[in-house]
Amino acid sequence: MDGSARENIGTLIVLGATGDLTSRLLLPGLGRLLTEQPERRFTLVGADLPAEDGEAWTRTVRAAFDTAGAAGPAVDHVLARTAYRVTDATSAEDLQQLLDAADGIPALYFALPPAVTARAVEALHRVTLPEGTVLALEKPFGGDRDSAAALNRRITALVPEDQVFRVDHFLGKSTVLNMLGLRFTNHVFEPLWNREHIESVEIVYDERLGLEGRAGYYDRAGALVDMIQSHLLQVMALVTMEAPVSMDAADLRAVKAEALRAVRPWAGDPVAAGRRARYTAGSVDGRHLPSYADEEGVDPDRGTETLAEVTLESRTWRWAGVPFVLRSGKALSGARREVVVTFRGVPPVPTGLAGTIGPTVLRLCLGPDRMVLEINVNGPGDPFVLDRVPLTARLAGGRLDPYGEVLHGILERDPTLSVRAEGAEHAWRVIDEIRAAWRSGRVPLEEYAAGSAGPASWRDGPG
Ligand code: BG6
């Protein structure tokens, strides 16, 4: 990351302060960051429609910090000064007042539903923004490629691109970022990192969690948008991108956006490239889950998928012909969360070597975070009869949790981990094609029992 001196954010204004995202993710992440960085100083302002008083807000912040075990001088500093302002985020007048009262450079964090965010951005066009103002936007950024492009145009008419933070907490995961160090500092991987030597790549994020009361958002998003559009495609970009000149925001974001530009549905066929399914009643870890269609707030006729899988390709000289399978689902039996790079088999295995011989596989596992390289070595007894062994390394956790890492970037005004404008649009373009195929009814919505490994017909691998 770029180490040049930049004035830090003086006031972090959270729009949507009384929402679930703020208390569940944002504030705990902030608490951990403040614990880790006791010297950090800024003012936290919560802004939202409900007529809450300052004390209630301070209690919310304190409770969220407590859940994160946050403590220390920076935590005390924030708690002593934090304020709540009753605000209509879509009113230019209210936004102007918030910004006028800010100390130092303000960051506006939009912890709001996308439709409200879009209206707030419009209102900002009638506001005088202080020099350097940062705009931080939660996913999903827009609702399809066109709306993301329109939002990009409106936002970048307000502030320059490097003051726009399209937030993706996945890129704050240290094991996701580990892809960079692993690829670009170990000679053993990068020369093989291409279509000549790699057979396939899987990027899987299966969860045991069900809907968890998030129907209002999730039933309109579904697994494809919730996880693949915003997170897994970003991970794919880290796997497929060319080496950046440096880890500076400009260099890293440029190669990532270029990598996303090359992504297409497998064989250019969005119907065959995707599968979708929805969970029915079942139990996960002894917890009974109702059928997704019966969950409170769900409209079953929307046909929202809770498990999505897409096979994509990167149309580049480096990757053409290598399938990238991206999958994520809820209420599954196992929390398999990993990037799996399968290398091609050797041509041929010399006669006389026997045993369990398979291709070399590299796994980057997210939670518990580790790297596993599966190779063939001699088993016990006959040295020509081989066994597969995993070479496993535990990967260190980050100094901050993913949200803390993202907030650190915002407070330092360093956009390295934020998604660049075209990157967000390219990611939508791929998803729009898949969604159009799904909406046309040509891809059936399959079913799986909550707590199972997914539809039985999927168990033999990608379709
Ligand atoms: C969020 C999705 O962005 O990421 C959730 O909205 C998902 O549906 C979550 O559960 C997964 O990320 P993590 O880091 O919480 O495992």
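The values are calculated or read from the model by the stated rules, or taken from the named source; none is laboratory data. Bear in mind that the values here come from a model prediction, so they are computed numbers and not experimental data. Note that each Cβ is placed from the backbone with ideal geometry, even for glycine, and that neighbours are counted across all protein chains shown. We work out accessible area using only protein heavy atoms, side chains counted, and drop any ligands, DNA or RNA first. Shrake-Rupley method; radii C 1.70, N 1.55, O 1.52, S 1.80 Å.
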Can you name every residue in segment 342-359 that is touching a Ser or Thr at 6+ places or on another chain (Cβ under 8 Å) and either under 16 Å from Val239 (Cβ atoms) or at pLDDT below 95 (or both)? Thr342, Phe343
Can you tell me which residue in segment 179-214 is nearest to the ligand (Cβ to nearest atom), limited to those that are open to solvent by 50 Å² or more (accessible area, probe 1.4 Å) and among the β-branched types (Val, Ile, Thr)? Thr185
Any chance segment 50-64 includes a residue that's outside any helix (DSSP H, G or I), of a type in the set (D, E, K, R) and over 29 Å from the mean Cα position of the chain (by Cα)? yes
Residues Phe141, Phe165, Phe184, Phe189: which one is under 14 Å from the mean Cα position of the chain (by Cα), among the aromatic types (Phe, Trp, Tyr) and more than 20 Å from Val263 (Cα to Cα)? Phe165
Does segment 249-259 contain at least one residue that is part of a loop (DSSP other than H, G, I, E, B), away from the ligand (no atom under 16 Å from the Cβ) and within 21 Å of Thr316 (Cα to Cα)? no
Could you go through segment 250-260 and let me know if any residue there is closer than 20 Å to Ala223 by Cβ, open to solvent by 50 Å² or more (accessible area, probe 1.4 Å) and small (Gly, Ala, Ser). no
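Working carefully through the options Thr351, Thr392, Thr342, find the one that is β-branched (Val, Ile, Thr), open to solvent by 50 Å² or more (accessible area, probe 1.4 Å) and assigned to a strand (DSSP E or B).
Working: Thr351 fails: assigned to a strand (DSSP E or B); Thr342 fails: open to solvent by 50 Å² or more (accessible area, probe 1.4 Å).
None of the others qualify; the one that does is Thr392.
Is segment 276-287 home to any residue that is of a type in the set (Val, Ile, Thr), within 16 Å of the ligand (Cβ to nearest atom) and not in a loop (DSSP other than H, G, I, E, B)? Before you say what the answer is, go through the steps one by one.
Of segment 276-287, the ones of a type in the set (Val, Ile, Thr) are 280, 284.
From what's left, within 16 Å of the ligand (Cβ to nearest atom): 284.
If we keep only those that are not in a loop (DSSP other than H, G, I, E, B) as well, we get 284.
Yes: one or more hits.
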